[in-house]
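First up is the structure itself, then whatever we jot down about it.
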Amino acid sequence: MGLKLFYLGEISGMSASQVKDAEEFIRGLVYGIVATNNPETGARLSALNNLDGQTLKTLHFGTDATSQKVKNIQADPRMEVMFTNADGGQVMLSGTAEIDTDTETKQAFWQDWMNEYSPEVAAGTGVCIIRFKPESIRAMVS
């Protein structure tokens, strides 16, 4: 079976159909694996819930505001994200991340699981949103 999408390079060089295929793949998955840079121990991997509306322009992830990954991003905004499925399809993105604690942004992406970390919902301080801006991609999707 051939690949529907095979692309290695800058996102800005992708065709509209390649972007569409990559975004459909990402949106079909529940989790992404993110790698942040811990200044003391090196790369740190974490699974994060895939939030609604993911695009190759900007991806969003919710997390505990006191987590190590948040501290890592604040110290070094470089991040990688990998999405993979049981069929061996992969989309790996490299770029930079920032932490967003704005109530309106949190409300826009709120999911029920976040209530555990922030009983005050989006107005609380227990959850933040990681805003990831990818620059390059490695995609192999069947």
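The values are calculated or read from the model by the stated rules, or taken from the named source; none is laboratory data. Source: prediction; values computed, not measured. Here the Cβ positions follow ideal geometry from the backbone for every residue, glycine too, while neighbour counts run over all protein chains shown. Accessible surface areas use protein heavy atoms only, side chains included; no ligands, DNA or RNA. Shrake-Rupley method; radii C 1.70, N 1.55, O 1.52, S 1.80 Å.
What residue, among those in the range 86-100 that are at pLDDT 95 or above and more than 18 Å from ILE11 (Cβ to Cβ), is surrounded by the fewest Cβ atoms within 10 Å (Cβ to Cβ)? My answer is ASP100. So which residues in the range 2-50 are charged (D, E, K, R) and part of a helix (DSSP H, G or I)? The answer is LYS20, ASP21, GLU23, GLU24, ARG27.
Residues that are surrounded by 13 or more Cβ atoms within 10 Å (Cβ to Cβ) and of a type in the set (D, E, K, R) do not occur anywhere in the range 110-130. Among residues of the range 4-30 being touching a residue at least 24 places away in the same chain (Cβ under 8 Å), surrounded by fewer than 16 Cβ atoms within 10 Å (Cβ to Cβ) and under 18 Å from GLN111 (Cα atoms), the one that is farthest from the chain's Cα centre (by Cα) is GLY28. Only residues that are in contact with a strand residue (DSSP E or B) (Cβ under 6 Å, 6 or more places away or on another chain), outside any strand (DSSP E or B) and either open to solvent by 80 Å² or more (accessible area, probe 1.4 Å) or closer than 20 Å to GLY126 by Cβ (or both) were counted across the range 51-63, and they come to 1. Taken over the range 47-79, the criterion of being of a type outside the set (D, E, K, R) and closer than 15 Å to GLY95 by Cβ is satisfied by LEU48, GLN54, THR55, LEU56, THR58, LEU59, HIS60, PHE61, ASN72, ILE73, PRO77, MET79. Scanning the range 32-48 for residues that are within 10 Å of the chain's Cα centre (by Cα), open to solvent by 40 Å² or more (accessible area, probe 1.4 Å) and touching a residue at least 24 places away in the same chain (Cβ under 8 Å) returns a single hit, ILE33. For the range 130-142, a residue qualifies if it is of a type in the set (Ser, Thr, Tyr) and not in a loop (DSSP other than H, G, I, E, B), and exactly one does: SER136. For the range 108-129, the condition holds for at least one residue, the condition being that it is out of contact with any Phe, Trp or Tyr (no Cβ under 7 Å at 6 or more places or on another chain) and in a strand (DSSP E or B).
Here LYS106 qualifies as open to solvent by less than 60 Å² (accessible area, probe 1.4 Å), basic (Lys, Arg) and either more than 29 Å from SER142 (Cβ to Cβ) or under 16 Å from the mean Cα position of the chain (by Cα) (or both). Do we have VAL81 as of a type in the set (A, V, I, L, M, F, W, C), within 17 Å of TRP113 (Cβ to Cβ) and crowded, with 21+ Cβ neighbours inside 10 Å here? Against the criterion (of a type in the set (A, V, I, L, M, F, W, C), within 17 Å of TRP113 (Cβ to Cβ) and crowded, with 21+ Cβ neighbours inside 10 Å), VAL81 does not qualify. Assessment of the range 66-76 against the conditions (acidic (Asp, Glu) and open to solvent by 50 Å² or more (accessible area, probe 1.4 Å)) yields no matching residue.
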